[in-house]
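Right, one structure below, let's go through it.
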Amino acid sequence: MKLKILVSLFGLMVVDNALGQELPRTYKAPEFDVEWRKPSNHPDRIVLSFGEDPSTSASVTWRTTSEIDTAYAEIAIATAAPKFWRNATTVQASTSTFDALEIDEAEVLANYHSVWFTDLKSDTTYAYRVGDGKRWSEWIQFKTAPKESLDKFSFLYVGDTQNFILELWSRLIRESYKKAPDAKFIVHAGDLVNNAHNEQQWQEWFDAGGWIHGSIGAFPIPGNHEYRNLGPEASQRSLSVQWKHQFTLPENGPEGLEETVYYMDYQNMRIIGLNSNVDHEKQAKWVEKILSETKKDWKIVTFHHPLFSASDGRDNKEWRELMKPIFDTYEVDLVLQGHDHSYARGRVSPNENVLDGVNMRDKTGTVYVVSVSGGKMYGLRKNAWEDYDAERDRAAENTQLFQVITIADKILSFESYTAVGELYDAFDLIKRVDLPNEFVERNKEAIAERRFSNTIPYQDPLPAGVEESLLLTYPGFEVGGVRFVNDMEFTGYKVRLDKGEERKELSLDVNGKILD
């Protein structure tokens, strides 16, 4: 019995002495002191972003206590000489007070400071630091984009962070930096946190990425979890109260959607961020204009809710019917999405069936990707994309992924990697004059497809025979979730059964007997 208690305290396998049955290992989630997420007089939550023209402009944002009402950034061209700072320029920051003391889960008072660095030299490494004139951050380096260049560059793309942020997303984002240390920016395709206004979760996000946030430009767009009621009395969901304080983004989007809808031109690519939560019609008119005006070779769009869903029960028909014709018309090359907590990559047919010696299988219209980077996982859509006007080429369940996208003149290379650095998916797009993109499948380079059935179980396993018994007791239902609980109040299984929109929540003892 003593052995059983000791092992249980450390979250290891618990042995039921009566039956000799081995129970699932329980996960001990970390607890965070309230003080951990509070600001200090020293700069924290430092995050870099680029302007519409990343060859000449960049922004940086940071946080302090409300006592720091005047703040500065210093910036200089970086050299190998340690006193490069002699050539620095000092810029006074814009300061906004973030009073969220009365907002559930925020409950903080802080000042946020931001600056735009403008008139920068292209293709140049700069170093900057931020502070109040006495307390300063370290010097942090970044590089501006070349002005007009077809040279190779890469950027990162990650889907939902959302859950287990500090615990599990940290390894993913750090592995992505190891794989692509020269990445120019990171696309965050929504749901950076689970609860929009939650200070602890935002602190986890900043801590998980650490100095990466200050060195590689962030290109974030909001997901549905960046929207939530401000309190029990509020009738409407609101954008995360932290969003516009802690991100300083291009304000070139439609009126009323600034810093949630915007675009950036990086070398020969235009990348557009949309907010799939609100004002769809307004964004459709705007994105059509933005796509029609660009002469860039590559057009990439990112937003949260997929046009072609990866997971069951998550179809976004209205959004798809609104946006897909625009993307088809203006020949968008790649769409980067989140929301579905699984992975799917596929494509639509090109506008024209041009027979020019290239096999039709090797031509493509827009390629659509859904990915997840955090620790929360859903199952794939059972019929893939069969009833969509698209074809799914690659998919994954139960796998944290990040993507490296590389553009070298007329070739776009897409690579998806697991959190331990394995190549999971890869393809190339080759741009051809007045013809559809040529598509080159590279999956032979990648590991085998991953599913719940061939990976470490995501749900806790029930005792042998219990699932079959439950499904006989509740015909037509499927097991939607299993969680083993081992604490002072209850030891046993919490099971969710689903049948369409109907749901049952059951409690089972350690032997699988229904308690309710």
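The values are calculated or read from the model by the stated rules, or taken from the named source; none is laboratory data. Because the structure is a prediction, the values reported are computed rather than measured. When we count neighbours, we look across all protein chains shown, and the Cβ atoms used for this are built from the backbone with ideal geometry, even at glycine. To get the accessible areas, we keep the full protein, side chains included, count just its heavy atoms, and leave off ligands, DNA and RNA. Shrake-Rupley method; radii C 1.70, N 1.55, O 1.52, S 1.80 Å.
Taking R0 as 41 Å, what's the FRET efficiency between residue 96 and residue 235 from their Cβ-Cβ distance, rounded to 0.05? Don't skip to the answer; put the middle values down first.
Values: r = 26 Å, r/R0 = 0.63.
E(calc), rounded to 0.05, equals 0.95.
Going by average Cβ density within 10 Å per residue, which order do the peptides 195-208, 143-156 take, highest to lowest?
Details: 195-208: 22.4, 143-156: 17.1.
Final packing ranking: 195-208, 143-156.
Per residue, how many Å² of accessible area does segment 430-516 show with a 1.4 Å probe? Can you show the working numbers first?
On the way: 5630 Å² over 87 residues.
Heavy-atom SASA per residue in segment 430-516 reads 65 Å².
Rounded to the nearest 0.05, what FRET efficiency do residue 44 and residue 255 give with R0 = 30 Å and r taken as the Cβ-Cβ distance? Could you check? Efficiency for this residue pair is about 0.40. Once both labels are positioned 7 Å from their Cα atoms along Cα-to-Cβ, the gap between residue 389 and residue 362 label points is 2.7 nm.
Under the simplified labelling scheme, the residue 349-residue 409 pair shows an inter-label distance of 3.3 nm, with each label point 7 Å from Cα along Cα→Cβ. So if R0 is 51 Å, what FRET efficiency would residue 499 and residue 149 give, r being the distance between their Cβ atoms, rounded to the nearest 0.05? The formula returns an efficiency of 0.35 here.
Here the accessible area of segment 421-467 is 55 percent carbon and sulfur, with a 1.4 angstrom probe and all protein chains present. Calculated on the Cα set of the chain, radius of gyration then Dmax: 24.6, 77 Å. Working from label points 7 Å from Cα in the Cα-to-Cβ sense, the residue 430 to residue 516 distance is 5.8 nm. If a spin label sat at a point 7 angstrom from the Cα of residue 141 along the line to its beta carbon, the backbone N atoms of segment 197-239 nearer than 19 Å would be those of 210-218.
Carbon and sulfur together cover what percent of the accessible area of segment 186-322 at a 1.4 Å probe radius?
Values: 1900 of 4470 Å².
After summing per-atom areas, the C and S share lands at 43 percent.
Here segment 498-515 and segment 417-491 have alpha carbon centers that stand 22 Å from each other.
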